[in-house]
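The values are calculated or read from the model by the stated rules, or taken from the named source; none is laboratory data. Note that this is a predicted model, so its numbers are computed, not measured. Quick reminder, even Gly has a Cβ in these numbers, built from the backbone with ideal geometry, and neighbours come from all protein chains shown. Only protein heavy atoms, including side chains, enter the accessible area calculation; ligands, DNA and RNA are left aside. Shrake-Rupley method; radii C 1.70, N 1.55, O 1.52, S 1.80 Å.
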Amino acid sequence: MTIKDKLAEIVGRDNVLDSPNIMETYGGDFGLEKPGEFACVARPRDVRETQKIIQLANESGFAIVPRSSGIHFNGDTIPRTGGVVLDLSRMNHITEIDEERRVAHVEIGVNWEQLQTALEARGYRAMIPLLPHPSRSVITDWLKRELPVVQMHEYADPLLSLQVIWGNGEEFVTGSASINTFRDPEHPECVADGVIPDGPGPINFDEFLYGSQGTMGIVTWGIVKFEAIPTLTKTFFIPAKNAEEAIEPIYRILRRRVGYECLLINNINLAAILTEQWPEQFTELRKVLPPWTTILVIGGLKRRPEEKIAYEEDCLREIMSTQFPSLKLLDTLPGMADMGEKVPEMLRQPWRKDSTYWKHAYKGNCQDITFMTTLDRVEKFIPVVNGVAAKYQYPVDEVGCYIQPAENGRACQLQFNFYYDPHNEAERAKIGQIYTEAAAATLEKGAYFPQLYGVVPDIVYRQNE
């Protein structure tokens with residue numbers, strides 16, 4: 001009996017795929033990595049089928065590459081040693097929305113559009129990164145250490161307990177969900193609710209799985225936090241000539257715990273996000289938008305939201321007028337009078353499903369370099385990356401940059417974006433060179449890469465030789 005026949009016994013013949021179109025689709029992604037070859041795709045429907053496939057892989061000696069959705073960007077789901085691609089997208093059930101604890105129990109295939117739609121129907125919103133692709137897996141994005149746009153310290157890690165099938169086929173559950181009576185209807189008094197991520201024992205096993213891209217095991221479900229939708233919101237924009245000018249105000253504002261969502265973004269990225277009519281509107285926005293914009297959203301929930309917004313606004317205006325009088329505090333953007341009202345809704349949603357993903361709208365594709373640092377060190381990385389871009393004749397004014405403060409400004413995620421035509425081989429090659437050299441240059445300056453993709457692992461591990 002062949003491997004495909006054995007897989008068919010587990011998941012059904014219709015869920016073992018190997019047509020030429022399937023091989024092409026699953027062999028690559030939106031990134032720069034070359035497509036890989038593999039034997040077939042298996043699509044389990046639940047944890048038990050996933051576990052059986054992993055056990056079969058151990059017995060038969062073939063590799064498994066897990067894939068949680070149809071949208072991947074950095075080569076982490078491309079097979080390198082043949083084997084079988086494990087498509088987990090059928091495992092897409094939201095098994096519970098716990099409004100009392102404000103957590104949702106979701107399978108690995110649940111995407112951002114699905115989760116946000118379900119939560120919004122109940123008056124809630126997910127903790128969400130900046131405009132993720134609607135088809136991206138929620139759990140996978142948190143395992144890849146994406147950051148939410150919210151600043152509240154308690155939401156720094158939106159992912160709680162997990163279930164994982166280790167490489168030897170054994171099932172393991174982390175945190176308080178590992179207690180035997182977790183979600184047991186016969187023990188409703190049990191406090192094992194899965195919301196404590198540490199343990200069992202003194203170790204937080206989730207840390208083994210963050211950033212591992214399926215090498216340690218395959219996560220099948222997890223528990224994610226959500227929050228109530230604010231009753232009232234108010235948005236502010238702080239334009240700046242450069243990132244350095246914007247950093248200190250962000251520090252001062254977030255230290256006072258003013259605002260909920262906060263991010264700093266440069267001209268080309270903001271234009272790509274706001275453009276609805278390509279290419280005319282994009283060109284016009286590039287002309288009128290400031291070089292850099294801090295976006296800050298103040299929100300109030302059900303209890304006295306007007307008062308909350310009023311005192312946070314007073315504090316914000318006091319900070320800006322007394323400490324940064326040269327910077328403007330605006331309630332809209334140039335040429336977009338209603339943007340103050342649109343932004344809060346935008347920041348709590350994935351990208352629109354009926355529209356080209358914002359990173360692909362300008363030239364067709366985008367390569368990101370993402371790492372962690374602190375806000376006061378941002379200014380030393382920007383000239384380094386711009387210098388590499390200029391070396392390869394990539395226009396510096398087309399290098400996107402997005403800075404996401406974390407935990408009220410204690411750290412930040414710094415991301416550079418290089419837009420390119422994916423059908424132009426010369427352009428792809430140039431972006432690959434820029435990506436490799438910029439990653440090495442920023443690492444040398446102290447960047448911390450929590451997401452190890454492409455050439456980055458070799459560059460990082462080489463430092464420890």
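In the stretch 131-142, the residues that are under 16 Å from Thr117 (Cα atoms) and open to solvent by less than 10 Å² (accessible area, probe 1.4 Å) form Cβ pairs under 8 Å with partners that are part of a loop (DSSP other than H, G, I, E, B) and basic (Lys, Arg), at six or more places apart or across chains, as follows: Pro134/Arg352; Pro134/Lys353.
In the stretch 403-431, the residue that is farthest from Lys359 (Cα to Cα) out of those that are in a strand (DSSP E or B) and open to solvent by 10 Å² or more (accessible area, probe 1.4 Å) is Ala411. The residue that is surrounded by the most Cβ atoms within 10 Å (Cβ to Cβ), among those in the stretch 350-379 that are more than 27 Å from Arg428 (Cα to Cα) and of a type in the set (Ser, Thr, Tyr), is Thr373. Consider the stretch 324-333 and keep the residues that are assigned to a loop (DSSP other than H, G, I, E, B), touching a residue at least 24 places away in the same chain (Cβ under 8 Å) and open to solvent by 50 Å² or more (accessible area, probe 1.4 Å). The one that is farthest from Thr233 (Cα to Cα) is Lys328. Only residues that are β-branched (Val, Ile, Thr), in contact (Cβ under 8 Å) with a residue 40 or more places away in the chain and surrounded by fewer than 22 Cβ atoms within 10 Å (Cβ to Cβ) were counted across the stretch 65-84, and they come to 2. Evaluate the following for Ile273: is it under 26 Å from Thr370 (Cα atoms), under 21 Å from the mean Cα position of the chain (by Cα) and modelled with pLDDT of 95 or more? So Ile273 fits the description; yes.
Hey, does the stretch 230-248 have a residue that's at pLDDT below 95, touching a strand residue (DSSP E or B) at 6+ places or on another chain (Cβ under 8 Å) and assigned to a helix (DSSP H, G or I)? No, the conditions are met nowhere in the stretch 230-248. Only residues that are out of contact with any strand residue (DSSP E or B) (no Cβ under 6 Å at 6 or more places or on another chain), more than 16 Å from Ser89 (Cβ to Cβ) and open to solvent by 50 Å² or more (accessible area, probe 1.4 Å) were counted across the stretch 6-18, and they come to 3.
Any residue that is of a type in the set (Lys, Arg), open to solvent by 60 Å² or more (accessible area, probe 1.4 Å) and outside any loop (DSSP other than H, G, I, E, B) - is there at least one of those in the stretch 308-323? If you could, list the steps in order and put the result at the bottom.
Let us first name the residues in the stretch 308-323 that are of a type in the set (Lys, Arg), namely 308, 317.
Imposing the further condition that a residue be open to solvent by 60 Å² or more (accessible area, probe 1.4 Å) reduces the set to 308, 317.
Among the residues that remain, those that are also outside any loop (DSSP other than H, G, I, E, B) are: 308, 317.
Checked against the condition, which is being of a type in the set (Lys, Arg), open to solvent by 60 Å² or more (accessible area, probe 1.4 Å) and outside any loop (DSSP other than H, G, I, E, B), the stretch 308-323 yields at least one hit.
Evaluating Gln393 against the criteria (1) within 23 Å of Met127 (Cβ to Cβ); (2) in a loop (DSSP other than H, G, I, E, B) leaves one unmet condition, (1).
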